[in-house]
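Shown next, in structure tokens, is the structure this report addresses.
Just so you know, all these numbers are worked out from the coordinates, no wet-lab data involved. For clarity, every value in this text was computed on a predicted model and none was experimentally measured. Glycine also receives a Cβ, built like all others from the backbone with ideal geometry; neighbour counts cover every protein chain displayed.
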Amino acid sequence: MTDQKEKVIFYFQEKISVHIDCSSGRFYNGSILEVNEIKNFLLLNDRVLGEIPILFEEIENIEKMRGEE
């Protein structure tokens with residue numbers, strides 16, 4: 001999980017849009033609005049669903065969204 005958390009922080013600081021795969025089988029695409037390291041979650045502005053809170057422990061994979069510059 002530490003590696004995923006580091007990626008979250010990097011993408012947030014660099015304002016890079018992301019694709020997130022969660023352990024529930026769901027996936028999200030959007031930009032990270034907020035990272036809360038104390039409560040271990042991020043707030044994602046998903047392109048379809050709007051603002052979604054995601055716990056770090058739910059993240060299986062996070063990567064730069066394809067087609068983003």
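Of note:
- Theoretical gain in end-to-end length, Phe10 to Ile38 [0.36 nm per residue, Cα-Cα removed]: 8.4 nm
- Positive end of the dipole of the chain (Cβ unit charges, origin at the Cα centre): among Gly50, Ile9, Ile20, the Cα lying farthest that way belongs to Gly50.
- Kirkwood estimate for the chain, i.e. one over the average of 1/r between Cα atoms, Å: 11.7
- Under the criterion of Cα pairs below 8 Å and six or more residues apart, the relative contact order for segment 2-64 equals 36 percent.
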